[in-house]
Each structure stands twice: as C-alpha cells, then as structure tokens.
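Visitor: My questions all concern the structure below.
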Amino acid sequence: MIAFLLAATSTTKNNGNPLFTLFFFGAIFGAMYFLLLRPQRKRVKEAAALQSSIVEGDEVLLNSGIFGFVSALEGDIVWVDIADGHGSERIEVRVTRSAIARKINQPSSTPDSK
C-alpha cells in the first residue's frame, strides 16, 4: 500500500512552468504564421493584382495551359482568342478572370541590326 501511495504522489507533481508552455504555443503559432499564412496572403494579393491589370490585347496563359489573347472584358468575364490568327477562323473562349494564371511578357521592341 505504501508503494501505491508513493507512486500516486510522484505522478501528481507538476514540474512544468506555465510561462514556458505559453511561450511554446506562441512559438508554434508564430512559425505557422510565417510559414503558411503570410505566403498564402502574398499569393492572393499577387493574383488579385494580376486579374485587375488585365486589358484587351494582353497575351495570357490560362490555368489549363492554353495561351491566348484577351479580346474583350465584361466585368468578371474575359473573352480569350485562342486561335493562331493565321487563318480565317477565330476561336474565342469565355473564362473568368480567376482562370488567368499569368500574363506573357512580350518584347516591347526588337534590337536594331546594323
């Protein structure tokens, strides 16, 4: 019986410091913020800036991997011309602004050859 009482008293001792526990959980939250939440917010802001900067004539890449030129804008709807433009056919698809993955940089001018 004495061994049982000694075992019960040894397990009920609290050796942890409450400030250390609070610091530990704060460090975990801080690490989650800097590793998960902050980069996600940055990506969302970049996507919103891209979608608001789309104008007619821009060459864009859709999330599906299709390249095309923006031919018209109607609020949240974007008309994208996906034909190569060499023939008489004109193929346009209607997508949302959020379906645009990125703009394709076009060279502004060609270097002069002398």
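Laboratory data are not the source of any read-out in this text; all were calculated from the coordinates shown. Everything quoted here is computed from the prediction, not taken from an experiment. All Cβ positions, even for glycine, are placed from backbone atoms using ideal geometry, and neighbour counts span all protein chains on display.
Visitor: Give me the orientation-averaged projected area of the Cα convex hull of region 54-103, in nm², one decimal.
Guide: Projected area, direction-averaged: 3.1 nm².
Visitor: Can you figure out the FRET efficiency of residue 66 with residue 25, using R₀ = 41 Å and their beta-carbon distance, to the nearest 0.05?
Guide: Numbers: r = 47 Å, r/R0 = 1.13.
According to the calculation, E is roughly 0.30.
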